[in-house]
Amino acid sequence: MPVALKIVIAGGFGVGKTTLVNCVSEIPPLQTEESMTARSLGVDDLTGIEGKTSTTVAMDFGRITIAPELVLYLFGTPGQDRFWFMWDDLATGALAAVVLADTRRLETSFASIDFFESRDVPFAVAVNCFDGHRDCTSEQVRTALDLDPTTPVVLCDVRQRASSKEVLLAALEVARVQAAHRMAAPSSR
């Protein structure tokens, strides 16, 4: 029987969370995409993503088998602030997370990073290189987001399965390293 692990895919509005889950899921993903309506005008900031016509209103869910003994269950969060009340439930029991970032709007990543840091959930940052544009290096993103040196930063294209899978492997690795570090730390008892 394979081990099942939960990974949360988070990030700002329109960074590609749904696309990542869709791209790697080996099952038809559960989506809660709805068309954007006039009600989102003045509420959702579409700067840099003017062509966006739909949005996740609850979560995305998918599954990928990494190895015969390891299955990942992927939970994609909604990006807009008004749906953040669901994040605690989505993150409960997560082994690790991915914070998906868009360098055109890096400031939308801070809330996700703060969320996982405050809950001590290991995470990797994945920079979605839209249309193959790599406008910055991993180190430039690390500096701009003020990340711990041990936090992986991966440049990716979430439309490509292999690239998205590398992101998930980075999240698994940071969780493994953090767990090993905790086990090696002297007990405070």
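Look at where the Cα atoms of segment 102-177 and of segment 66-89 average out, and the two centres are 15 Å apart. Of the trypsin sites (Lys or Arg not before Pro) in segment 78-165, the ones in a loop by DSSP (not H, G, I, E or B) with at most 14 other beta carbons within 10 Å are ARG119, ARG134. Is the shape of segment 73-189 best called rounded, prolate or oblate, per the rule: a/c under 1.5 gives rounded, else a/b larger than b/c gives prolate, else oblate, with a ≥ b ≥ c the square roots of the Cα gyration tensor eigenvalues? Judged from the Cα gyration tensor, segment 73-189 comes out prolate (a/c at least 1.5, a/b above b/c). Extension gain for ASP81 to ARG104 (0.36 nm times residue separation, less C-alpha to C-alpha distance): 6.4 nm. Between ALA144 and GLU69, the C-beta separation translates, for a Förster distance of 30 Å, into a calculated FRET efficiency of about 0.20.
Readers should treat all values here as calculations from the given coordinates under stated rules, not as data from a laboratory. The shown structure was predicted, so the numbers you read here are calculated from the model rather than taken from an experiment. Heads up, the Cβs are rebuilt from the backbone with ideal geometry, glycines too, and the neighbour counts pull from every protein chain shown.
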